[in-house]
1. What is the chain's relative contact order, in percent, from Cα pairs under 8 angstrom and six or more apart in sequence?
2. Work out the length of the dipole vector of the chain about its Cα centre, built from +1 on the beta-carbon of each Lys and Arg and -1 on the beta-carbon of each Asp and Glu, and round it to the nearest 20 debye.
3. As I understand it, the dipole of the chain uses +1 on the Cβ of Lys and Arg and -1 on the Cβ of Asp and Glu, about the Cα centre. Which of G129, L90, L80 lies farthest toward its positive end?
4. What does the charge count around S62 come to, taking other residues whose C-beta lies under 11 Å from its C-beta (Lys +1, Arg +1, Asp -1, Glu -1)?
5. Can you tell me what the convex hull of the Cα atoms of the chain projects to on average, as an area in nm²?
6. Once every DSSP H run of n ≥ 4 in the chain is given -39500 (n - 2.57) and the sum is divided by its residues, what mean residue ellipticity at 222 nm do you get, rounded to the nearest 500 deg cm²/dmol?
7. Filter the chain for me: DSSP H helices, axial length by Cα at least 24 angstrom, mean Kyte-Doolittle hydropathy not below 0.0. List them by residue number.
8. Once the principal axes of the Cα atoms of the stretch 94-169 are found, what is the range along each, listed largest first in whole angstroms?
Amino acid sequence: MAHSKTLVQASIGGQSALGKALIMLGGSVMIALGAQISVPMLPVPMTLQTLAVVLVGLTAGSRLGAGAVLAYLVEGAMGLPVFAGGGAGLAWLAGPTAGFLWGFVALAFAAGLLAERGLARGLIGTFAGVAAISALLYVPGVLWLTAATPLDLSGALARGMVPFLLGDAVKAAVAALIVSGAWSALKARRG
């Protein structure tokens, strides 16, 4: 376990191409489920997507995590009802929330890097890392919101960032509890 970089590697070891594909598919399903737990707000709904994206990255690693998000985006583009509120279709990838959706790829990759570099095993380190990378998601999200809606930067910040800050802090804490707890459980199991 000492040489394992991610929880997936520590739990199931090396993966075949089929195993990696299944991990990405499972991650995309987890993200889709997170998107369905939603508080409707306009123009950006509050969902558990960011928590799911972070957890996929933290557990699967940078490449598999980003791959899971890309699979999720492709599934939605193909018409599967995976986006918030059961949304689907290509329009979502250019609509008001597209900056957040595309930003999820970088978020999962960054979370995976935290895990691969050993920065996401303890409670405090995981919380701080997740809080920092989650804050970066607002860059593409808010910028795209200003481009795709009549909102100016101030309005986009007020509607697409400020209402979500507390929730993101809670999600970072939940992710830290889950991941640090999983590492502790794995260590205890292996003695």
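1. 22 percent
2. Using only the charged Cβ atoms, the result is roughly 680 debye.
3. G129
4. Taking every other residue near S62 into account, the sum is +2.
5. 10.1 nm²
6. So the calculated ellipticity at 222 nm is -22500 deg cm²/dmol.
7. Those that clear 24 Å and a mean of 0.0 are 17-36, 98-116, 165-190.
8. 42, 23, 13
FYI, it's all coordinate maths here, none of it is from the lab. Small disclaimer: the values here were computed from a predicted structure and weren't measured. FYI the Cβ positions are ideal-geometry reconstructions off the backbone, even for glycines, and counts take in every protein chain you see.
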